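Participant: Quick one: structure below, then a few questions.
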Amino acid sequence: MLNNSFLHFLALSFFTNKKRFSGILVVSFFILLLLSSTLFISSSIKGSLKKSLNYQPDFIIQNIKAGESFVASSRWREKLLKIHGVIAVNGRVYGRFFLDKKISFLVIGIDFFSKQTNENLDALVNKIDLKEFLSKENMLVGASVKKYLNSHYYKDSYNFLTPKGEFLKLNIYKELPNSSGLVSQDVVITTKDLAKKILGLSSNEVSDFALSVPNPSERENIRVKIESLFFGARVVTKEDINKKIASLYDYKGGVFLILYLIVIFAFSLILYLRYTIATSIERKEIATLRAVGWSIKDVIKLKLLENLTLIFISFSLAIIASYIFVFIFDAPILRAIFLGGDSLSLNLKFKPYIDYGLISTIFIIYLVTYLATTLIPIWRIAISDPKEVLR
Amino acid sequence: MIEVKNLNKIYSSFSGDVKVLSDINFKINDAELTIIEGVSGSGKSTLLSIMAGLEKPTSGEVVIDNDSIAKLPDIHISRLRASTIGMVFQNFNLIENLSSLDNVLTPLIALKTPLKEAKYLAENALKVANIEHQKNQVVSKLSGGEKQRVAIARAIVANPTLLLCDEPTANLDYKNSKIFLELITKLSKKGITIVIATHDPIFKELELNYSLIMIKSGQILSKEQING
Amino acid sequence: MGDLLLNSYEIVYLSSEVITTIFAAILFTLSLKLLFGWDINRSTKEQYYLEKVAYLASTLALFLFWVKTILYIYLVYTLDELSIYIAGAMCAAGVVSANSYGLWLLGIKAISLFLLLLWMVLNSYDLEQKNYPIFKKKIVLLIFISLFILLEGWLNYSYIVNIDTSLPVSCCSTLFGNLEGENPLPFNLNTISLIILFFLLFIAFELSLLIDSKLTTLVVTPLFLVLSYYSVVYFFGTYIYEVPTHNCPFCMMQKEYNYVGYILWGTLFFGTSFAIIWASVALWLKQEYRVLKKLALILIAIFVALNSSYFMLYYIKNGVLL
Ligand SMILES: Nc1ncnc2c1ncn2[C@@H]1O[C@H](COP(=O)(O)OP(=O)(O)OP(=O)(O)O)[C@@H](O)[C@H]1O
Ligand SMILES: [Mg+2]
């Protein structure tokens, strides 16, 4: 390759015409940086949600009244356990505790002595000293909650105002590790009994049931059976949730993508102009090459390779830069746009999640628009009459 | 052998048609030296560029080695320009921001010569044109005479059998013009067919046999054989 | 359809295909101009200009070939991604069968890639000659190709718009498996004879190229292509998946199987295409493109070696066959 005179010339024309290329390089770098950063963010969020979803129960049974989910009676449990194929039924207690219209905590009550339905939680529970934790009214809080409480001078405890109008004071036992990502940012974890009090559930009520159905082929049958057995029961499967989340974030990413397609369209106009109004120096250079024996084909090849090199350089620079921007600096500015003003989720850290499909997606849009806009202008330059230019 | 047959060239523009060449006929045998003389605007450059395949004639043809070059597909005529026809342009037409060496390489790149070999050939050509000492200099920093020599080096780098020179001495002083004459003599003796378009009387000093074609407003006035 | 259309992959795929369709339309009009305007014996300005237009046409063809190849791979990848949205689909197979356009789309895409390849070889032959000997013929082919790509553009649209996420589709095991006990193999072959035939045809293929027997290549290659499809789906595939009943040409393109399907189908497609193009161009124009022959030899060798390695590795690891 080092002995290829054509590539030698290609490199030469790159280095001697830095000015000619740097403008396009900078513009495309920034457009790509924005595009890939937003897509990185959306796929990172999707990635961590998907990961936490893997630990979700196979089925969730909710009680529906007037279209909204409602508390379920603990008595369902026995009936559910009797269904063939269901091996574990767990009444779950969780819900949003609203401090004001905007800010809320996700309160989760768990049974510290049995295996958790969520493996993240399992790992967590295993790490704490249960005796000490259960000896007082303690809670574990997520990073955002901790931050919020700190800023409101609740250093080691918080008084929950229950729906019954009583105050319930819980001590902050520990802050949850940040590793669990987006989902654990705004949670408060405590025992089931305390959680029920905070959320206003009576002792024989639960938020919903989580079922474990290990055999996938039985799931459809069981879903039908449950829905006929309980009036008002809604069955949500893991796949349902997966689909919902995926399409939600695809939607967000998709909207951004459409915006960027518009930006890229504008970019292609710039490119088009750049090539149609090629500088007289460039025209003369090509006419000279044609005059000394380059064919139209050779010139097209040179220009196409020039473009491809530009595409590769700007693309790889932008991907590297946006990786650093999103995963090391946590995407300042952009994150606020993407996650909305939701203050509690703002101090999450994006988990590096490289999605090769996504990177190739960015590459394909860029490559196709770039080549499509420059193809015809390149041809025009290549066929221009050398004699006309060199006069 | 080169045959120019019934060549006509008309430039059409908004202001009307201009007949630049009319009914040009001549033959050049291999290894011959031909000088085309005519005043400015007589159509010398146009004739040479049609002979190099850079321009299409309005009618008539130029036949080089049995091929009517206007009819040749672009790939072939380009290959011919890169390998068998060397051309020195009136205003050099070098790529200004490249070095002399890289300029001389350009025809070889079109011929897909490997880089090492190409560099070797280019340095050789620069040596023949007596400008090797400036091989790494950017062309824009060279003097007129030096550019001229780089242009010659580029024209001969691929060992062409035909060398077309358009007003090669127009930008040279007397001393450099003499050097150019020596070079032409050397190349002609090597058996290269050479065509020079000029109105510089210095070519009378050539110590070679050549045929002289006089043109005026696109027509051949006379053809004669001069023995130098 | 609503929410599906906002999937990033689909947006990018469709908008890129819109661009290629526009270029195909340009190519179509250029080719018509070339077909009716071209007269090599005239030395008019128009003729000289058409010569340059022919370069635009070949540049567009080159562009279409590369972009279409990349988009083909990308389409299959996208279909795999979409399979999570569609009830019943486990891989691209289900998504392809979501409506009747899917399979047509994949087939027509492969054919237009093949034709573009053929065209590029014919074009380079034509340009290398001094008098454009097959100019009109190659332009007729180009018209045909651009129509094909336009058709493909319409199929792209019809296919994606008509994917109904709420309708459950079949998964690959029902599409390709032999659940009903019927023999899915052609010519009533059983698996052992299929594999023996596969290897025999492989040897015949490589030999025909090595001894330059073009006619044999033309006969053997299509047979080898068909048999390869069945061998991969019904025999080698089961070793890739390590499940005796898993018969699917699509699942092997997933990450779990290291995307090996792309390499397998890619080498098979290009290997057989190069062989056919080499042989037919050599027979028709008496011009041998040795590069094509070499590539065909190597690609098909890789294809067979890769398939066999899955089979052998399984045997070495487990000591039994499936
Ligand atoms: N592209 C063109 N369009 C119109 N007229 C042209 C064109 N090129 C050349 N001419 C005209 O053709 C005539 C011959 O030009 P040409 O350059 O061949 O002359 P020349 O003999 O080389 O003159 P000089 O000695 O000044 O270089 C001139 O009158 C010029 O104006
Ligand atoms: Mg002149």
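Participant: Among the listed residues B:LYS141, B:LYS116, which satisfies the condition of being more than 15 Å from the chain's Cα centre (by Cα) and over 27 Å from A:GLU388 (Cα atoms)?
Facilitator: Exactly one of B:LYS141, B:LYS116 is more than 15 Å from the chain's Cα centre (by Cα) and over 27 Å from A:GLU388 (Cα atoms), namely B:LYS116.
Participant: Please go through (1) at pLDDT below 80; (2) out of contact with any Lys or Arg (no Cβ under 7 Å at 6 or more places or on another chain) for A:PHE160 and return the number of the only condition it doesn't satisfy.
Facilitator: (1)
Here is a yes/no grid of residues against (1) over 26 Å from A:SER114 (Cα atoms); (2) of a type in the set (A, V, I, L, M, F, W, C); (3) in contact (Cβ under 8 Å) with a residue 60 or more places away in the chain:
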| position | (1), (2), (3) |
| --- | --- |
| A:LYS131 | no, no, no |
| A:LEU134 | no, yes, no |
| A:GLU166 | yes, no, no |
| A:ASN171 | no, no, no |
| A:PRO177 | no, no, no |
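Participant: Go through (1) surrounded by fewer than 21 Cβ atoms within 10 Å (Cβ to Cβ); (2) among the hydroxyl-bearing types (Ser, Thr, Tyr); (3) within 16 Å of ligand 1 (Cβ to nearest atom) and name the single condition B:SER59 misses.
Facilitator: For B:SER59, the failing item is (3).
Here is a yes/no grid of residues against (1) in a helix (DSSP H, G or I); (2) in contact with a Gly (Cβ under 6 Å, 6 or more places away or on another chain); (3) open to solvent by 60 Å² or more (accessible area, probe 1.4 Å); (4) over 30 Å from C:LEU297 (Cα atoms):
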| site | (1), (2), (3), (4) |
| --- | --- |
| C:TRP154 | yes, no, yes, yes |
| C:ASP164 | no, no, yes, yes |
| C:LEU167 | no, no, yes, yes |
| C:PHE187 | yes, no, yes, no |
| C:SER193 | yes, no, no, no |
| C:SER208 | yes, no, no, no |
| C:PHE224 | yes, no, no, no |
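Quick grid of which residues meet (1) open to solvent by 30 Å² or more (accessible area, probe 1.4 Å); (2) away from ligand 1 (no atom under 16 Å from the Cβ):
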position	(1), (2)
A:TYR353	yes, yes
A:TYR356	yes, yes
A:LEU367	no, yes
A:ALA372	no, yes
A:PRO377	no, yes
A:ILE381	no, yes
A:VAL389	yes, no
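Participant: Can you work out which of the residues in the stretch B:6-25 that are more than 13 Å from every other protein chain (Cβ to nearest Cβ) and at positive phi is nearest to ligand 2 (Cβ to nearest atom)?
Facilitator: B:ASP23
Participant: Turning to a different aspect of this structure: Looking at the stretch C:226-284, which of its residues are within 15 Å of the chain's Cα centre (by Cα) and of a type in the set (Phe, Trp, Tyr)?
Facilitator: C:TYR229, C:PHE250, C:TYR262, C:TRP265, C:PHE269, C:PHE270, C:PHE274
Participant: Just name the residue that is farthest from B:GLY145 (Cα to Cα) out of those in the stretch B:174-228 that are within 16 Å of ligand 2 (Cβ to nearest atom) and crowded, with 18+ Cβ neighbours inside 10 Å.
Facilitator: If we take residues in the stretch B:174-228 being within 16 Å of ligand 2 (Cβ to nearest atom) and crowded, with 18+ Cβ neighbours inside 10 Å, then B:GLY218 is farthest from B:GLY145 (Cα to Cα).
Participant: Quickly run through the stretch B:126-143 and pick out the residues that are open to solvent by 10 Å² or more (accessible area, probe 1.4 Å), in a helix (DSSP H, G or I) and within 14 Å of chain A (Cβ to nearest Cβ). Before you say what the answer is, go through the steps one by one.
Facilitator: First, pick out the residues of the stretch B:126-143 that are open to solvent by 10 Å² or more (accessible area, probe 1.4 Å): B:127-128, B:130, B:132-138, B:140-143.
From what is left, the residues that are in a helix (DSSP H, G or I) are B:127-128, B:132-134, B:140-141.
Selection gives B:SER140, B:LYS141.
Participant: Among residues belonging to the stretch A:353-372 that are closer than 15 Å to A:LEU305 by Cα and touching a residue at least 60 places away in the same chain (Cβ under 8 Å), point out the one that is farthest from the other protein chains (Cβ to nearest Cβ).
Facilitator: Only one residue tops the list, namely A:TYR370.
Participant: Going through the stretch B:161-180 one residue at a time, which ones are in contact with a Leu (Cβ under 9 Å, 6 or more places away or on another chain) and acidic (Asp, Glu)?
Facilitator: Once the filter is applied, which keeps residues that are in contact with a Leu (Cβ under 9 Å, 6 or more places away or on another chain) and acidic (Asp, Glu), the stretch B:161-180 yields only B:ASP166.
Participant: Could I ask something else about it? Here is a check on your reading of the model: is C:GLU51 open to solvent by 30 Å² or more (accessible area, probe 1.4 Å) and of a type in the set (D, E, K, R)? Working first, answer last.
Facilitator: On the way: open to solvent by 30 Å² or more (accessible area, probe 1.4 Å): no; of a type in the set (D, E, K, R): yes.
In short, no.
Participant: If we scan the stretch C:107-126, do we find a residue that is touching a residue at least 24 places away in the same chain (Cβ under 8 Å), surrounded by 21 or more Cβ atoms within 10 Å (Cβ to Cβ) and within 14 Å of chain B (Cβ to nearest Cβ)?
Facilitator: Within the stretch C:107-126, one or more residues are touching a residue at least 24 places away in the same chain (Cβ under 8 Å), surrounded by 21 or more Cβ atoms within 10 Å (Cβ to Cβ) and within 14 Å of chain B (Cβ to nearest Cβ).
Participant: Moving to a separate point now. Among the residues of the stretch B:91-110, is there at least one that is closer than 27 Å to C:LYS45 by Cβ, within 13 Å of ligand 1 (Cβ to nearest atom) and within 11 Å of chain A (Cβ to nearest Cβ)?
Facilitator: Taking every residue of the stretch B:91-110 in turn, at least one turns out to be closer than 27 Å to C:LYS45 by Cβ, within 13 Å of ligand 1 (Cβ to nearest atom) and within 11 Å of chain A (Cβ to nearest Cβ).
Participant: Inside the stretch B:1-47, can you point out the residues that are among the hydrophobic types (A, V, I, L, M, F, W, C) and open to solvent by 20 Å² or more (accessible area, probe 1.4 Å)? Step through it out loud before you land on a result.
Facilitator: Initially, the stretch B:1-47 is screened for residues among the hydrophobic types (A, V, I, L, M, F, W, C), giving B:1-2, B:4, B:7, B:10, B:14, B:18, B:20-21, B:24, B:26, B:28, B:31, B:33, B:35-36, B:39, B:47.
Result: B:MET1, B:ILE10, B:PHE14, B:VAL18, B:VAL20, B:ALA31, B:VAL39.
Participant: Right, something else. Where in the stretch C:1-106 are the helices (runs of 4 or more DSSP H), entirely inside, with at least 1 residues that are charged (D, E, K, R) and more than 13 Å from chain A (Cβ to nearest Cβ)?
Facilitator: Result: C:8-37, C:45-82.
Participant: Kindly provide the set of residues from the stretch B:154-173 that are within 16 Å of ligand 1 (Cβ to nearest atom) and crowded, with 18+ Cβ neighbours inside 10 Å, ordered by number.
Facilitator: Step one: of the stretch B:154-173, the residues within 16 Å of ligand 1 (Cβ to nearest atom) are B:164-172.
Within the stretch B:154-173, B:LEU164, B:CYS165, B:ASP166, B:GLU167, B:PRO168, B:THR169, B:LEU172 meet the criteria.
Participant: Here is a follow-up. Given the structure, is B:SER49 within 12 Å of ligand 1 (Cβ to nearest atom) and in contact with a helix residue (DSSP H, G or I) (Cβ under 7 Å, 6 or more places away or on another chain)?
Facilitator: Yes; evaluated as a whole, the condition is true for this residue.
Participant: Conditions: (1) away from chain A (no Cβ under 13 Å); (2) under 17 Å from A:GLY293 (Cα atoms). B:VAL62 meets all but one. Number of the miss?
Facilitator: (2)
Participant: Go through the stretch A:285-308 and give me each residue that's within 19 Å of B:ASN97 (Cα to Cα), in a helix (DSSP H, G or I) and either within 8 Å of chain B (Cβ to nearest Cβ) or open to solvent by 10 Å² or more (accessible area, probe 1.4 Å) (or both).
Facilitator: A:GLU285, A:ALA287, A:THR288, A:LEU289, A:ARG290, A:ALA291
Participant: I need every pair where a residue in the stretch B:193-219 that is closer than 24 Å to B:ASP173 by Cβ and of a type in the set (Phe, Trp, Tyr) has its Cβ under 6 Å from the Cβ of a residue that is at pLDDT 90 or above and within 15 Å of ligand 1 (Cβ to nearest atom), sequence separation at least 6 or different chains.
Facilitator: Note: pairs meeting the criteria are B:PHE203/B:ILE35; B:TYR210/B:ILE35.
Participant: Consider only pairs whose beta carbons are under 6 Å apart and that are at least six residues apart or on different chains; among these, list those whose first residue lies in the stretch A:186-203 and is closer than 22 Å to A:LYS146 by Cα and whose second residue is open to solvent by 10 Å² or more (accessible area, probe 1.4 Å) and among the small types (Gly, Ala, Ser).
Facilitator: A:LEU199/A:GLY95
Participant: Suppose we filter the stretch B:144-172 for residues that are within 16 Å of ligand 2 (Cβ to nearest atom), in contact with a Ser or Thr (Cβ under 6 Å, 6 or more places away or on another chain), within 14 Å of another protein chain (Cβ to nearest Cβ) and at negative phi; how many remain?
Facilitator: 1
Participant: Still on this structure: From the list B:ILE95, B:ILE85, B:ILE50, which residue is in contact (Cβ under 8 Å) with a residue 24 or more places away in the chain, buried (at least 20 other Cβ atoms within 10 Å of the Cβ), of a type in the set (Val, Ile, Thr) and within 16 Å of ligand 2 (Cβ to nearest atom)?
Facilitator: Values: B:ILE95 fails: within 16 Å of ligand 2 (Cβ to nearest atom); B:ILE85 fails: within 16 Å of ligand 2 (Cβ to nearest atom).
After ruling out the rest, the residue left standing is B:ILE50.
The values are calculated or read from the model by the stated rules, or taken from the named source; none is laboratory data. Here the structure is a predicted model, which means the values were calculated and not measured. Every residue, glycine as well, gets a Cβ built from its backbone with ideal geometry; the counts of neighbours run over all protein chains shown. We work out accessible area using only protein heavy atoms, side chains counted, and drop any ligands, DNA or RNA first. Shrake-Rupley method; radii C 1.70, N 1.55, O 1.52, S 1.80 Å.
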